[in-house]
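Can you read through this structure? Questions will come right after.
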Amino acid sequence: MPNDSAPRALITGITGQDGSYLAELLLEKGYEVYGVVRRSSTETFERISPIKDRVTLLQADLTDQVSMVDVISQVRPKEVYNLAAQSFVPTSWCQPILTGDVTALGVTRVLEAIRVVDKSIRFYQASSSEMFGKVQETPQRESTPFYPRSPYGVAKVYGHWITVNYRESYDIFAVSGILFNHESPRRGLEFVTRKVTDGAARIKMGLLKELALGNLDAQRDWGYARDYVRAMWLMLQQDAPDDYVISSGETHTVRDMCDIAFSHLGLDYRDFVKSDPRFYRPAEVHVLLGDSAKARTKLGWAPEVDFPGLIRMMVDADMKRVQAGITNTKVFV
């Protein structure tokens, strides 16, 4: 049963990159942490393995309204963080219906569960810079019009606006964090940052000869995931709900990333990295650059890790992983 002496938080997507960092942060702040996990024949708890005995995992699914009502009724959290989604942009082109059901309608199911069970619960929605897509102004801020360029981006726009509608229609403390790209050693291997840092480590160790990537000139605003989950928590501690862009305010190309990663290992990326048209998106998003002035002023938030430091951190972690794989040693980062 829940412990009423500590604030309770429920995290959907707790086993993901952001969910694992957020769970650690909330535990440090004295929360009782609950996580929503889908029933699966294989467990994917690697990211939360050091804290798994300190959190309570409950089975539910964003595609199942009844399960979301049940889990929120059981936990009665003070805060709900909705981080679960089909979150890989290329997959959203292969599975657009699933992406819409989970990433868009799933937000409505969580909000509706809160409306039915307890409207005093504070809700955080993980919005995305991919909502800006074909950008209408640079840098992008909270007032910038959305122009999504993928099924994922479209689904995130729905999730964002349904959060605004529940806030304004039902007086629910519901906020959206419009987070620009944020990475870490816990990022999935399918994302370009981990493809680069893992690829560099494998090439350094002689396990890979070449790394094929998509558009090397695509520009993004990249930050460190641990910094960004701190902003999520800060949003739910304010007197009034509002939406915030969270970003580093700097843009870098995939080519810049490759240069930093390979140079850190004493290599020249130009000897190993190739651009492959197979990895280009059907509708490319070329430049994303966020203006997080509002969050810095109102939340007192600022990132602590810069882009070169982030990439070097990820390379070091992947070198440990690769070396551990060679020696058959388990390592957590």
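The values are calculated or read from the model by the stated rules, or taken from the named source; none is laboratory data. Every value quoted in this text rests on a predicted model; they were computed, and no experiment measured them. As a convention, Cβ positions derive from the backbone with ideal geometry for all residues, glycine included, and neighbour counts pool all protein chains shown. Keep in mind that these areas ignore ligands, DNA and RNA; they rest on the heavy atoms of the full protein, side chains included. Shrake-Rupley method; radii C 1.70, N 1.55, O 1.52, S 1.80 Å.
Restricting the search to the range 179-219, which residues are surrounded by fewer than 16 Cβ atoms within 10 Å (Cβ to Cβ), at pLDDT 95 or above and out of contact with any strand residue (DSSP E or B) (no Cβ under 8 Å at 6 or more places or on another chain)?
Met205, Gly206, Leu207, Leu208, Lys209
In the range 76-101, what residues are open to solvent by less than 40 Å² (accessible area, probe 1.4 Å) and of a type in the set (D, E, K, R)?
Within the range 76-101, just Glu79 meets the criteria.
May I ask you to verify whether Asp318 is more than 19 Å from Thr197 (Cβ to Cβ) and surrounded by 14 or more Cβ atoms within 10 Å (Cβ to Cβ)?
Numbers: more than 19 Å from Thr197 (Cβ to Cβ): no; surrounded by 14 or more Cβ atoms within 10 Å (Cβ to Cβ): yes.
So Asp318 fails the test.
Restricting the range 116-137 to residues that are part of a loop (DSSP other than H, G, I, E, B), of a type outside the set (Val, Ile, Thr) and out of contact with any helix residue (DSSP H, G or I) (no Cβ under 7 Å at 6 or more places or on another chain), which is surrounded by the most Cβ atoms within 10 Å (Cβ to Cβ)?
Taking the range 116-137 and keeping what is part of a loop (DSSP other than H, G, I, E, B), we get 118-121, 132-137.
Add one more test, that the residue is of a type outside the set (Val, Ile, Thr), and what stays is 118-120, 132-134, 136-137.
Cutting the leftovers down to out of contact with any helix residue (DSSP H, G or I) (no Cβ under 7 Å at 6 or more places or on another chain) gives us 118, 120, 132, 134, 136-137.
Numbers: Asp118: 14, Ser120: 11, Phe132: 29, Lys134: 14, Gln136: 11, Glu137: 12.
Per the criteria, the residue is Phe132.
Exactly one condition in (1) closer than 24 Å to Gly188 by Cα; (2) under 21 Å from the mean Cα position of the chain (by Cα) is not met by Leu111; state its number.
(1)
Just to verify a result, which residue in the range 138-178, among those that are among the polar types (S, T, N, Q), open to solvent by 70 Å² or more (accessible area, probe 1.4 Å) and in a helix (DSSP H, G or I), is nearest to Ser128 (Cα to Cα)? Talk me through it step by step, then tell me what you get.
First, pick out the residues of the range 138-178 that are among the polar types (S, T, N, Q): 138, 140, 143-144, 150, 163, 165, 169, 176.
Then drop every residue that is not open to solvent by 70 Å² or more (accessible area, probe 1.4 Å), which leaves 138, 143, 165, 169.
When the remaining residues are screened for being in a helix (DSSP H, G or I), the result is 165, 169.
Working: Asn165: 18, Ser169: 23 Å.
Ranking the candidates gives Asn165 first.
Under 8 Å between Cβ atoms, at least 6 apart or on separate chains: pull out the pairs that start in the range 224-239 with a residue that is farther than 12 Å from Gln125 by Cα and open to solvent by 10 Å² or more (accessible area, probe 1.4 Å) and end on any residue that is assigned to a loop (DSSP other than H, G, I, E, B) and aliphatic (A, V, I, L, M).
Tyr224/Val305; Arg226/Val305
Just to be sure before I move on: is Val107 under 22 Å from Pro145 (Cα atoms) and at pLDDT below 95 in the structure I sent?
Working: under 22 Å from Pro145 (Cα atoms): yes; at pLDDT below 95: no.
Judged against the criteria, Val107 is not a match.
Sticking with this structure for a sec: Which of the numbered conditions does Thr108 fail, given that it passes all the others? Conditions: (1) assigned to a helix (DSSP H, G or I); (2) more than 17 Å from Gln65 (Cα to Cα).
Against the list (1) assigned to a helix (DSSP H, G or I); (2) more than 17 Å from Gln65 (Cα to Cα), Thr108 comes up short only on (2).
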